[in-house]
Amino acid sequence: MKLLSKYMTKECSGRVVLIPDDNEDMWHIYNLIQEGDNLKATTFRKVTIESATGTTGSNRVRTTLTICIESVEYDTQGSVIRVKGKNIVENQYVKMGQYHTLDIELNRKFTLSKAYWDSIALDRLELACDPTQSADLGAVIMQPGLAHICLVTPSMTLIRAKIDVNIPRKRKSFCAQHEKGLQKFFEAISQGLLRHMNFEIVKCILLASPGFVKDQFFEYMCQMAVKNDIKVLLENKNKFVLCHSSSGFKHSLKEVLSDPLLQSRLADTKAASEVKTLQTFYTTLQNEPSKAFYGIKHVEKANECQAIETLLISDKLFRCSNIADRKRFVLLVDSVKDNGGEVRLFSSLHISGEQLDQLTGVAAILRFPMQELDDEPDDSSSDED
């Protein structure tokens, strides 16, 4: 997503001018827009024109409208967001207070104004406009002496580092220099990974090479992580996927990503963190029910005692039309973060998000048991409605 301009006041009101580049941007916009916001965009309006002779005809004219949003619809198939509201800026074709529907489409500029940009909206804006924040796939394309460390977003591939190390040829009676060069090469790749990969965002890292270079590097990296106690590599070892490429140049990444066998492995790996968190919740609910709760009232009670270790919350809740309800969920997220808890935001378009929505859209894994919450009335049915 292109951020053309941004203006914010100290009171957190403000406006942004955006251009969506791909379908993922449209999903971010759908989660940003709320009832009561103002939207400015170009549109076509059918107007009736009367000639000097008294005859009338209709024409479609291009105009710019600013509306106060009353409803939002997202067409996932056509990748269009339809926003309906009343015109709030005087226009020669549309009267003040007259209803109109604006379409937000790919590669079309629009301006979104809010009376208050809360932390969830600002985080979503940063995620949409910073390519590295949405790059949940990493890749290292390598061959002996050459490697490219990349971040892959839905719309582009960003090269974060190029590693070029001279490795002496392997000779029959003189292998020491070759092994020394290979160790130096692998060390440079490992340092590049630690420097450029945000393992909290990246959900899968491809290691691709011709031959066995990728296997040798992976073995070296694991041994180095154990030897030097590099916890971030040890904890994320399962995110690495080894695959074949024809070379260590960037263009080889295209052939790697087009492999149909790899696609299913990627889908499983990238969704693994959400699935794993939800599975942990279900397991805790079954084995230690006093440490796992769902429903906003139970979760808020647990948060008051600073008991939440992991908060599971659906992005569907932040699209609610009731401003007070949205503020309630935003305050909950901010409070859990302030108390040192982890917040997992689930997409309602994913299977894991759909399952969480069936549990009211909000759940929590606690640091310690709270048996007293079992005596609280269950609010799951009312909140789900």
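A few comments on the model shown:
- Selected residue (criterion: farthest from residue 42 (Cα to Cα)) from residues of the range 76-130 that are surrounded by fewer than 14 Cβ atoms within 10 Å (Cβ to Cβ), polar (S, T, N, Q) and more than 31 Å from the chain's Cα centre (by Cα): 98
- Test: residue in the range 361-377 that is touching a strand residue (DSSP E or B) at 6+ places or on another chain (Cβ under 7 Å), of a type in the set (A, V, I, L, M) and at pLDDT below 85: yes
- Evaluation of residue 286 against the conditions (1) more than 23 Å from residue 147 (Cβ to Cβ); (2) in contact (Cβ under 8 Å) with a residue 24 or more places away in the chain shows that the sole unmet condition is (2).
- The set of residues in the range 330-366 being surrounded by 21 or more Cβ atoms within 10 Å (Cβ to Cβ), more than 19 Å from residue 283 (Cα to Cα) and touching a residue at least 40 places away in the same chain (Cβ under 8 Å) consists of 333 alone.
- Taking the range 188-305 as the region of interest, the helices (runs of 4 or more DSSP H) fully inside it that hold 3 or more residues being of a type in the set (Ser, Thr, Tyr) and under 30 Å from residue 373 (Cα atoms) are 272-287.
- Any hit, the range 28-51, residues being touching a Ser or Thr at 6+ places or on another chain (Cβ under 7 Å), in a strand (DSSP E or B), free of Cβ contacts under 8 Å to residues at least 12 places away in the same chain and not β-branched (Val, Ile, Thr): yes
- Members of the range 72-100 that are within 20 Å of residue 36 (Cβ to Cβ) and part of a strand (DSSP E or B): 72, 73, 74, 81, 82, 83, 84, 85, 86, 87, 99, 100
- If the condition is being buried (at least 16 other Cβ atoms within 10 Å of the Cβ) and closer than 30 Å to residue 126 by Cα, then the range 192-229 contributes 192, 193, 196, 197, 202, 203, 204, 205, 206, 207.
- For residue 76, the stated conditions hold: it is of a type in the set (Ser, Thr, Tyr) and within 29 Å of residue 330 (Cβ to Cβ).
The values are calculated or read from the model by the stated rules, or taken from the named source; none is laboratory data. Owing to the predicted nature of the structure, the values given are computational and were not obtained by experimental measurement. We place every Cβ from the backbone using ideal geometry, glycine too, and count neighbours over all the protein chains shown.
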